[in-house]
Amino acid sequence: MPEQTASAPHPAHHVPHPAPRRLALRTALRRAAHQVDTATPPSRDRAIDALRALAILGVVLGHWLVTALVAQDGGLHTASPLQHMPWLAPVSWLFQTLAVFFLVGGHVAARGLASARDRGDSYGAWLRARLSRLLRPVAALLALWSVVAVILLATGTPLATIHTLLKLALSPLWFLLVFAALTAATPLVARLNPLWPLAVVLHVDVLRFGLHLGPSWLAWLNLPAGWLVPYALGAAWARGEVQTRRSAWALLLGGTAATTLLITCAGYPASMVGVPGAPISNLDPPTLAAVTFGLAQCGLALLLRDRLRRAMARPLAWAATAVVNLSAMTVFLWHQTALMATTATGLLAGRLPGLHTAPDSVSWVASRLLWLPVLTLVLVLCWAAFRHHEQGPRRSRNRTSRVVRRHVPPARSAHHA
C-alpha cells in the first residue's frame, strides 16, 4: 500500500478560532477594570457614583421608551404611548429618576464645597470648576443643532418638524440650568431644611389646583423649589442628618403614601412624566406629587447604599460605573439626539414599527424594546465624538483620573475632630 502522509491545511482556508480573541478581550477588560479599581481611593463612597449612574441611565431609558416621533403628513410629530395606554404609567415610576440625581448632586456639592474650604480654595474657584464640567458639553450640542436647523430650513423641512426636533434635542438644557443654579446656591442650601422648599411647592399647588388663584406664572415657582427639595436633602445627607435606615424608611413610606393620596384623591396624574395633550403635567413644572414621589425615590436610594457599595466592590461593575460618571453630562445631553438620528436615518427604509409608527399598541412597545440596542449604539457614537468636550484636555500619564479623584470625602481638620 502506498504510504499515506497528512497534508498541512492550505493557508488560504485557515481561519483563526474566535475563542482566543474573546479570551484576550475579556482579559484586557479585567485588567483595565482592575487598574481603575486599585486607583480608586479607599475613602471614596462608590455608592454615590452608582446612584448617579442609575439616575442618568433611568432618565435615558425613560425618554427612549415614552417618546415617539411619528412620521405623518410629511413631517415628524411627538407622541407618547402613555397617551394611548395610560396603564403604562408605572413605567414612568421606574425611569423618572431625576430626584435621585439632584439628591446625589446636593450631597456631592455640599461635601465638595466643605473640602474646598478646608484646602483654602475660594468659593469662586470651586464654582468655576463645578460649572465648567456641567456647561462645557453644552457648546457642542448648541453648535451642532444650529447647523442642523439651518440645513433643515434650507431644504424646506416643515417648521413644525424643526420645532419638534429642536424641542427634544434641547430639552435636557432646562435640567442643566436648574442644576447649575442650585450648584451656585450651595453655600445657602448647605444648611437649608428640605421642608422649606417643600412648603413652597405645597402652597403653590394649593393656590393652583385647590383655590384656582394666582397668575399663570405662579406654577413656575415650583421649578426651582421642587428640585431644591432633593438637592437640599442631599446636603442634609452630607451633614449626617439622614444617615439612619429609619430616616430612609420614613422618606420611602411617607413619600409613597403622600403620592398615592395625591393621585387617588386629589386628581394628580398617575404618570410622573409629561403626556402630550394632558391638562396637567407632573413634571412641567414639578407638582407636589412629583416632589413627594421624588422623596420616596430618595428614601429608596438611601436604603440601597450598602448593597450598592458591595456591588461596586467588583472591579468590572465599578469600572463601568466610573465610565458613566465620567461622561454623565455627555450621555444626558446627547441621548435625545441619538433617538432623532436613528429615527431620521430609519426613514430611508420607510415607516418602521416602533420608530415611526403611532405608539398606540403593545406591539409598538415590543418593537421599541428591539430598537434599544440600536439607540444605545448611536449614543455610544455620540459619546465617542463629544466626550472630550466634557472631560477637557487630556491629562498627563502620571496624574490620577478624575473619575477616581472627584468627590472624595473632605478631610476633617483638627478643629472638626
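The values are calculated or read from the model by the stated rules, or taken from the named source; none is laboratory data. Everything quoted here is computed from the prediction, not taken from an experiment. So basically every Cβ, Gly included, is an ideal-geometry build from the backbone, and we count neighbours across all protein chains shown.
Scanning the stretch 43-84 for residues that are among the small types (Gly, Ala, Ser) and under 22 Å from Gly299 (Cα atoms) yields Ala47, Ala50, Ala53, Ala55, Gly58, Gly62.
Which ones in the stretch 167-187 are under 13 Å from Trp145 (Cβ atoms) and surrounded by fewer than 16 Cβ atoms within 10 Å (Cβ to Cβ)? Scanning the stretch 167-187 gives Lys167, Ser171, Leu173.
Mind checking which residues of the stretch 264-311 are more than 22 Å from the chain's Cα centre (by Cα) and over 26 Å from Asn193 (Cβ atoms)? Within the stretch 264-311, Thr264, Cys265, Gly267, Pro269, Gly277, Ala278, Pro279, Ile280, Arg310 meet the criteria.
Pairs are defined by a Cβ separation below 9 Å, a sequence spacing of at least 6 or placement on different chains, a first member in the stretch 20-36 that is without any contact (Cβ under 8 Å) to a residue 24 or more places away in the chain, and a second member that is aliphatic (A, V, I, L, M) and in a helix (DSSP H, G or I); the pairs so defined are Gln35/Ala319.
Looking only at the stretch 327-377, which residues are farther than 17 Å from Ala71 by Cα and in contact with a Gly (Cβ under 7 Å, 6 or more places away or on another chain)? Passing the criteria: only Leu370. Within the set His407, His389, His356, the sole residue that is in contact with a helix residue (DSSP H, G or I) (Cβ under 6 Å, 6 or more places away or on another chain) and either modelled with pLDDT of 90 or more or in a loop (DSSP other than H, G, I, E, B) (or both) turns out to be His407.
Being in contact with a strand residue (DSSP E or B) (Cβ under 8 Å, 6 or more places away or on another chain) and surrounded by fewer than 22 Cβ atoms within 10 Å (Cβ to Cβ): is that true of Val36 here? Against the criterion (in contact with a strand residue (DSSP E or B) (Cβ under 8 Å, 6 or more places away or on another chain) and surrounded by fewer than 22 Cβ atoms within 10 Å (Cβ to Cβ)), Val36 does not qualify.
Of Val273, Val291, all but one fail to be under 19 Å from Leu103 (Cα atoms) and at pLDDT 95 or above; the exception is Val291. Please indicate, with yes or no, whether at least one residue in the stretch 326-341 is at pLDDT below 95, within 23 Å of the chain's Cα centre (by Cα), more than 30 Å from Pro276 (Cβ to Cβ) and in a helix (DSSP H, G or I). The answer is yes, given that some residue of the stretch 326-341 is at pLDDT below 95, within 23 Å of the chain's Cα centre (by Cα), more than 30 Å from Pro276 (Cβ to Cβ) and in a helix (DSSP H, G or I). Taking the stretch 113-132 as the range and being crowded, with 16+ Cβ neighbours inside 10 Å, within 25 Å of the chain's Cα centre (by Cα) and in contact (Cβ under 8 Å) with a residue 40 or more places away in the chain as the test, the residues that pass are Leu113, Leu127, Arg130. Taking the criterion of being more than 30 Å from Trp318 (Cβ to Cβ), touching a residue at least 40 places away in the same chain (Cβ under 8 Å) and in contact with a Phe, Trp or Tyr (Cβ under 7 Å, 6 or more places away or on another chain), would at least one residue in the stretch 65-87 satisfy it? Yes, the stretch 65-87 contains at least one residue that is more than 30 Å from Trp318 (Cβ to Cβ), touching a residue at least 40 places away in the same chain (Cβ under 8 Å) and in contact with a Phe, Trp or Tyr (Cβ under 7 Å, 6 or more places away or on another chain). Assess whether Val229 counts as being in contact with a Gly (Cβ under 8 Å, 6 or more places away or on another chain) and surrounded by 15 or more Cβ atoms within 10 Å (Cβ to Cβ). Judged against the criteria, Val229 is a match. Of all residues in the stretch 371-391, those satisfying the criterion of being over 25 Å from Pro359 (Cβ atoms) and either of a type in the set (Gly, Ala, Ser) or in contact with a Leu (Cβ under 7 Å, 6 or more places away or on another chain) (or both) are Ala384, Ala385, Gln391.
For the stretch 16-67, how many residues meet the condition of being assigned to a loop (DSSP other than H, G, I, E, B) and out of contact with any helix residue (DSSP H, G or I) (no Cβ under 8 Å at 6 or more places or on another chain)?
Step one: filter the stretch 16-67 for residues assigned to a loop (DSSP other than H, G, I, E, B), giving 16-17, 40-45, 67.
Retained after the next criterion (residues that are out of contact with any helix residue (DSSP H, G or I) (no Cβ under 8 Å at 6 or more places or on another chain)): 16-17, 41-44.
Final tally of qualifying residues: 6.
Of all residues in the stretch 207-227, those that are in contact (Cβ under 8 Å) with a residue 24 or more places away in the chain have Cβ atoms under 9 Å from Cβ atoms of residues that are basic (Lys, Arg) and surrounded by 18 or more Cβ atoms within 10 Å (Cβ to Cβ), 6 or more apart or on another chain, in Ala219/Arg208; Asn222/Arg208. Checking each residue in the stretch 88-110 for being surrounded by fewer than 20 Cβ atoms within 10 Å (Cβ to Cβ) and either on the phi > 0 side of the Ramachandran plot or small (Gly, Ala, Ser) (or both) picks out only Ala89. If I filter the stretch 286-298 for residues that are surrounded by fewer than 23 Cβ atoms within 10 Å (Cβ to Cβ) and part of a loop (DSSP other than H, G, I, E, B), do I get at least one hit? So far as the stretch 286-298 goes, no, none of its residues is surrounded by fewer than 23 Cβ atoms within 10 Å (Cβ to Cβ) and part of a loop (DSSP other than H, G, I, E, B).
Listed here are the residues, each with its yes/no results for (1) assigned to a helix (DSSP H, G or I); (2) over 30 Å from Gly346 (Cβ atoms); (3) out of contact with any strand residue (DSSP E or B) (no Cβ under 9 Å at 6 or more places or on another chain); (4) at pLDDT 90 or above.
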{"position": "Leu69", "(1), (2), (3), (4)": "no, no, no, no"}
{"position": "Trp93", "(1), (2), (3), (4)": "yes, no, yes, yes"}
{"position": "Gly106", "(1), (2), (3), (4)": "yes, yes, yes, yes"}
{"position": "Ala110", "(1), (2), (3), (4)": "yes, yes, yes, yes"}
